[in-house]
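As structure tokens, the structure follows; a few thoughts come after it.
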Amino acid sequence: MQFLQPKAAWLFAFVLVPLLIHLIAMRRRKHILFSNTALLHIIKKETQKNRRLFNLFLLILRIIIIGSICFAMLKPIFPISKEYTSKESAKILFFIDNSRSMQLEGSSGSLFEEAKNKALDIVKSMPNHFEYLILSHDFNSLSNWSNKKEIVNQINDLNISAKSKSINEIFAKQKQLFSGLPNDVKTCYFLSDFAFYYDVELGLDTSINYFFTTLESNNIRNLSIDSIWFSEPIFEIGVENNLSIKISSRGKKTPINNSMTIFLDDQKIFTQIFEFTDSNEKIITLPIQTKDFGWHKIKAQIEDFPILFDDIFYAQFFVPQKDKILCIGEGGFEKHLQQVFQSSHNIQFKAPSELLKVNLEKYALIIANELKTLSLKEEDKLSIYLKNGGKGLFIPHMEGNKQFVKEISNQTLFENSRPLIKKIEGKKLNFSSPFFERMFLREPNNIHLPEIYIRRKIAAPFELEPLIVLANGECLLARKNFGQGWLYLLSSSLDPSSSNFHKLELFAPIMSRIAENSKTYLKNYYTVGQNNIIPIFNPKIDISEGIEAKFVNQSYHLSPSYSISGLSSLYDYKTINQAGHGALFKNDTSFQIISYNHSRRESVIRKNNQLINEISAQKNAQFIKNEKANQKYLQANILGRKVLWKWFVLVAVLFLIFESLTLRLGG
């Protein structure tokens, strides 16, 4: 038998209390005057003998009761395994979390000090011949096991570290330190606030007995990356685009310093220290630029403990090559198009006779500027280009005595053969059209609309999507689906005698929007755990059989959903359950980067319940969730010992009941 609280042995002095009471009671004499004692002589002898036996019996009962209570206070335990009674030492490994999250205040000082004190209590309750080893985030554990005195000094010397290992790395290190030892002598105590990053597989060693203790703080301030955005929706090579990161604060408003790190394509490009005082949010802005075309990955990261799930934000952006634009025409005034596209696009001007010689698939936009005629072969070539996802802009000429192209593939573009000469003003822009989405920060009130002097009427208005509407209800600019592509129609030419459209501030953004590859903008992030539509910005990708989304260690099959403004779209079906960068694949070929983030719902302060639940499910792991369970596992149930103090309490209660009954019956 062993005792966890041997210092409580002084309580046995209370055993003398019933003995003293018994001795004092024997010395007391009560004198009673009686007229004749002759008749009571025999009764007196018999009663005195029985009373002495009764008092002696009560004395023994009371000594047993008080002794049982004292034994219970000593916390007696009985080893049920031979290994712990022999001189062969058991090995006890402590992991004491010394990361920065442990600096938070707990119920009695910092969480780190609480962890050290709990470890010291465990060591003091162990037999002297056990051996110990300490593991922390520094991974600087000594290879030699230490005795009781040495481990106490090592625990006291342990300090907070800036390093932070994942729980998977810690379990792997514990397994390494225990390698070569028998299974029945390996025990690990894990004292932490469980603010860990961890992979899907925890990697607990089934040969190790784990005891986990949680430490919680009542004073937490949580910082989280709320969102990020760019100042410009379109990237250009070598041109800076400001990236803004919004950081939110929840919890107690105590001053705190932190750092923001930005990674571009997995390379660290920026680090900044920032301070939070009593505000709820802060926005950090920095310039981003790249020298490469294509998709790029952004990762913004802060270091905020103990809540880690919202400290990283993933995003992606696309840098397009300068799209080629082909302008084929017989009219003049190409200089207006040159001024619009010279910085953002590679525009080329060719005569109509060269149309059959040019590979149209290389161009993002074909502008037919005042074409007079098209041969059947030229018309077929343009039709195939449009039906395969290309875009075309037709601008008619205003010369009334000359022929002009007014239909293509048996689809009429313009109605009348002669132009209409009458001044008419623009009335409105069709802001309900996706064409104008995010072209303006807000819908303008006093926008200058063009004046038209000569025009041709666009045909089949019921098949068109109006973009600029004139005062008489006709369209100055409209578009229609042409197969998988778009066909844009302008009812007036670029000649200053026909309209002043090219002079207005609207002209450049509208022409640029027509030339864009995408019909909408790419969202910067998607949220894990919620249903989301993922738009596919490549018209050549067929998603009818689904697309595969691949991450570092996982892949998912995404099913097709529906189209938005002609875009192919996928539905994630809640299959994405991790944050990070991924890629969309078709036939093992990547064609688009996607970014996923955890839910930002107020970034509530919470423990990592999923990690705790996964640990609790392990057969060789005991999770200590409260102070009562802490006492049970850390003191009473150590290394296979049988608890005895409860039995002594039970004996004391039973004898106390027996004494009460004896006194009542004896009386």
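Numbers at a glance
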| read-out | value |
| --- | --- |
| Label-point gap, in nm, between Thr206 and Lys550 - each point 7 angstrom along Cα→Cβ | 3.3 |
| Simple spin-label estimate for Ser432 and Phe349 in nanometres, 7 Å along Cα-Cβ | 4.0 |
| Distance (nanometres) between label positions extended 7 Å along Cα→Cβ at Lys7 and Ile24 | 3.1 |
| Stretch gain in nm, segment Asp157-Lys324, where the contour uses 0.36 nm per residue and the Cα spacing is subtracted | 53.3 nm |
| Per residue value of the accessible surface for the range 392-494 (all protein chains in place, 1.4 Å probe), Å² | 51 |
| Förster-model FRET efficiency, 30 Å R0, Asn500 and Ser409, C-beta, rounded to 0.05 | 0.40 |
| Accessible carbon and sulfur surface of the range 236-353 relative to its total accessible area, %, 1.4 Å | 45 |
| Pairs beyond 24 Å (Cα-Cα), from Lys116/Lys175; Lys322/Lys427; Lys291/Lys586 | Lys322/Lys427; Lys291/Lys586 |
| Accessible surface of the range 464-505 [probe 1.4 Å, protein heavy atoms]: carbon and sulfur percent | 48 |
| Extension reserve of the Phe658-Gln339 stretch, reckoned as 0.36 nm per residue once the Cα distance is removed | 104.0 nm |
| Candidates per GluC sites (Glu not before Pro) in the range 450-515, loop by DSSP, up to 10 other Cβ within 10 Å | Glu505 |
| Theoretical FRET efficiency, 1/(1+(r/R0)^6), r = Cβ-Cβ of Ser259 and Asn117, R0 41 Å, to 0.05 | 0.85 |
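The values are calculated or read from the model by the stated rules, or taken from the named source; none is laboratory data. Quick caveat: nothing in here was measured; it's all calculated off a predicted structure. Neighbour counts are summed over all protein chains in view; Cβ atoms, including those assigned to glycine, are modelled from backbone coordinates with ideal geometry. Accessible surface areas use protein heavy atoms only, side chains included; no ligands, DNA or RNA. Shrake-Rupley method; radii C 1.70, N 1.55, O 1.52, S 1.80 Å.
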